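Visitor: Sharing a structure here in structure tokens format.
What follows is calculated from the coordinates using simple rules that are stated; it is not laboratory data. All values derive from a computational prediction rather than experimental measurement. Cβ coordinates were reconstructed from backbone atoms using ideal geometry, including for glycine residues, and neighbour counts include every protein chain displayed.
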Amino acid sequence: MSELLYTPKNAYDVFSEEELKAAYDYCEGYKKFLDNGKTERACVAYSIEIAKAKGFVEFVDGKKYAPGDKVYVNQKNKAVIFAVIGKESPEKGFNITAAHIDSPRLDIRPNPLYEDGNMAYFKTHYYGGIRKYQWTAIPLSLIGVICKKDGTTVNINIGEDENDPIFYITDLLPHLAKDAKPIHGEDLNIIIGSAYDKENKEDKIKTAVMKLLNKKYGISESDFQTAELTIVPAAKAKDVGFDRSLIGSYGHDDRVCSYPALSSLLSLENPEKTCVAVLVDKEEIGSAGITGMRSAFITDFLLALCDGYNSRVAFKNSAAVSADVSAAFDPTFASVYEKRNAAHINCGPAICKYTGHGGKAGASDACPEFIAKLAGIFDANEVMYQFCELGRIDAGGGGTVAQYIADRNIEVVDIGVAMLSMHAPYELASKTDIYMMHKLCKAFYENY
Ligand SMILES: [Zn+2]
């Protein structure tokens, strides 16, 4: 019998010394995942690289697969599905985790280049929910692709190497900030240069920048129109605190769930049910688009696995963990949380029965039978977890991909690492929680 009263547990009370070491060791791999996957494209490439090393091969629609086979689907280089074929028939259902690999950032516009005040700039358009002031006065990297009309693609990655230059957005000096207005979207202009050749006539700095880019990448100004270039923070993932118990990084949301969803799948050998990890793009802007959770590529893949079996039965019997982050209680901003229903750092992954805003609008409210069964599995496998809501009622809210999984008649609940400073250029998560998310996904794949 369980204890009469519920008391949340802290990993530092529960973990053995060996388990703590395992958690800290596990996070070394996660930090590499963060640094190598700052954009969804980079994350897809890195995920496929580590999966291939574990024997995963590209999925071929129409081919017959046997239990234990490991496959992946690369969706436009911006989303990816990994699966390990189970011993059971597809009609028993799939065990699916879904996380997202896009993060808030600044995208370069189609006609980005201009000069003003003796400097050259790129215009940006922010992607996802950001607090705009946070993106000023910090080192920034430029990552992405320029797809040229001749069919070739130029890969750009500047700012990530220790010897690279970085990019920068200015902020107002405090001395002149007496009547300062908040930073707006149109203020997020990236400084990209200030030098020029004496022989340049008009647009001297702009011309100098294009000459450099033409020499290095063979591009001209109109090539920006068919590019996908992104500005992300240049900082690398680092341990935080005297005890190194936390990790600071760009893009924890939602790599902090993507990595555990993937690493646990990679550790599976001959699971009972077919296990699937879906890493999608576009969650931060509503999951639309061909690489987002609403795209048919996910349904199509599951249908392909059902080949010869009843797919309606397969979907009905499937279960999913919508693996996305939650907000951890932050004592500095305590007023936006309801302490009894807030997630806390080091208390394990946060199970959100529902998300949404203003009376649960937009939530996929999970069935209690389902979450009870999951919680039972987690208890039996020594997985720590906590039940929570995002924050105080009417303080705001948010959504995840859960509703788009439920649309497919697949049972689903949101579970993810609770973090601090969500959507900031540098976010914070705890090592024990990240490790426990790996354990949770593994317990779900193997036992649901
Ligand atoms: Zn997220």
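Visitor: Helix 40-52 against the longest principal axis of the chain: what's the angle in degrees, Cα atoms only, rounded to the nearest 10?
Guide: Compared with the principal axis, the helix lies near 50 degrees.
Visitor: Magnitude of the Cβ-charge dipole of the range 367-417, K/R +1 and D/E -1, about the Cα centre, nearest 20 debye?
Guide: Once rounded to the nearest 20, the dipole reads 80 debye.
Visitor: Can you give the Kirkwood hydrodynamic radius of the range 28-96 from its Cα pairs, in Å with one decimal?
Guide: 13.3 Å
Visitor: Beta carbons within 10 angstrom, averaged per residue: use that to sort the peptides 218-230, 11-23, highest first.
Guide: Highest-to-lowest ranking by the protection proxy: 218-230, 11-23.
Visitor: If you don't mind, another one. How fast does the chain diffuse by Stokes-Einstein, in µm²/s, taking the Kirkwood radius from C-alpha pairs at 37 °C and 0.692 mPa s?
Guide: Translational D for this selection: 142 µm²/s.
Visitor: To continue, here is another question. How many nm is it between the label spots at K198 and Y133, if each spot is 7 Å from the Cα in line with the beta carbon?
Guide: 4.6 nm
Visitor: Just subtract the alpha-carbon distance of T226 and F387 from 0.36 nm times their residue separation and send over the number in nm, one decimal.
Guide: Roughly 53.5 nm would be gained on extension.
Visitor: Order 58-69, 427-438, 24-35 from most to least packed using the mean count of other Cβ atoms within 10 Å.
Guide: 427-438, 24-35, 58-69
Visitor: Consider all pairwise Cα distances in the range 17-170 and report the whole-number % of them above 22 Å.
Guide: 59 percent
Visitor: If I fit a long axis through the Cα atoms of helix 296-305 and take the longest principal axis of the Cα atoms of the chain, what angle between them do I get, 0 to 90°, rounded to 10?
Guide: 40 degrees
Visitor: A further question follows. Mind jotting down the distance between the C-alpha centroids of the range 154-185 and the range 96-118, whole Å?
Guide: Comparing the Cα centres of the range 96-118 and the range 154-185, I get a distance of 13 Å.
Visitor: List the residues, sorted by chain then number, that are 5 or more residues from H344 or on another chain and whose placed amide H is less than 5 Å from its amide H.
Guide: Placed amide hydrogens put F329 under 5 Å from H344.
Visitor: Here is a further query. Once you have the Kirkwood Rh of the range 17-59 from its Cα pairs, apply Stokes-Einstein at 37 °C and 0.692 mPa s and quote D in µm²/s.
Guide: 283 µm²/s
Visitor: Report the Cα centroid-to-centroid distance between the range 385-424 and the range 298-375 in angstrom, as an integer.
Guide: The range 385-424 and the range 298-375 have Cα centres spaced 6 Å from each other.
Visitor: Which chymotrypsin sites (Phe, Trp or Tyr not before Pro) in the range 305-402 sit in a loop by DSSP (not H, G, I, E or B) and have at most 14 other Cβ atoms within 10 Å of their own Cβ?
Guide: Of the chymotrypsin sites (Phe, Trp or Tyr not before Pro), the ones in loops of the range 305-402 whose Cβ has at most 14 other Cβ atoms within 10 Å are Y309.
Visitor: Report for the chain the percent antiparallel among DSSP-assigned beta bridges with both residues inside it, nearest 5.
Guide: 70 percent
Visitor: With Cβ to Cβ distances under 11 Å as the rule, what net charge do the other residues near R41 carry (K, R +1; D, E -1)?
Guide: Charge balance near R41 sits at -1.
Visitor: Cα centroid distance between the range 202-246 and the range 51-80, in Å?
Guide: Taking the Cα centre of the range 51-80 as reference, the centre of the range 202-246 is 32 Å away.
Visitor: Return the single residue from C147, C352, C275 with maximal mean-square fluctuation; model: Gaussian network over the chain, springs between Cα atoms under 10 Å.
Guide: Comparing C147, C352, C275 in a Gaussian network model of the chain, the most mobile one is C147.
Visitor: Another question, then. Per the Kirkwood formula on distinct C-alpha pairs, the Rh of the range 105-233 is how many angstrom?
Guide: For the range 105-233, inverting the mean 1/r across all distinct Cα pairs yields 15.6 Å.
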